[in-house]
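Here is the structure we will look at.
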């Protein structure tokens, strides 16, 4: 699926979810501004839990648009940099940092 289409579908699903929750809360005679705030929180949580696949497709498409059409590389384990070495030297009590 193209990134622009994925973006539109994901956004429409999230807006629709918000609208449904807001309508339900307004039908329960809740104060409108409180209903909007509660609907925003509920729809955010629900979209985070239930819309994982579209969110990952969107992230993949954005990555490919930014870095070319290649696949997302596997993350290499992080190596200790000079900051970590200096911190370790201080914690260990060494007077001079390692280079």
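The values are calculated or read from the model by the stated rules, or taken from the named source; none is laboratory data. All values derive from a computational prediction rather than experimental measurement. Positions of Cβ are generated from backbone atoms using ideal geometry, with glycine treated the same way; all protein chains shown enter the neighbour counts.
Worth pointing out:
- One residue alone among 35, 46 is outside any loop (DSSP other than H, G, I, E, B), over 18 Å from the mean Cα position of the chain (by Cα), touching a residue at least 12 places away in the same chain (Cβ under 8 Å) and surrounded by 15 or more Cβ atoms within 10 Å (Cβ to Cβ), and that residue is 35.
- Scan of region 50-62 for residues that are out of contact with any helix residue (DSSP H, G or I) (no Cβ under 6 Å at 6 or more places or on another chain) and at pLDDT 85 or above, ordered by number: 50, 51, 52, 53, 55, 56, 59, 60
- Of all residues in region 22-32, those satisfying the criterion of being in a helix (DSSP H, G or I) and over 25 Å from residue 10 (Cα atoms) are 27, 32.
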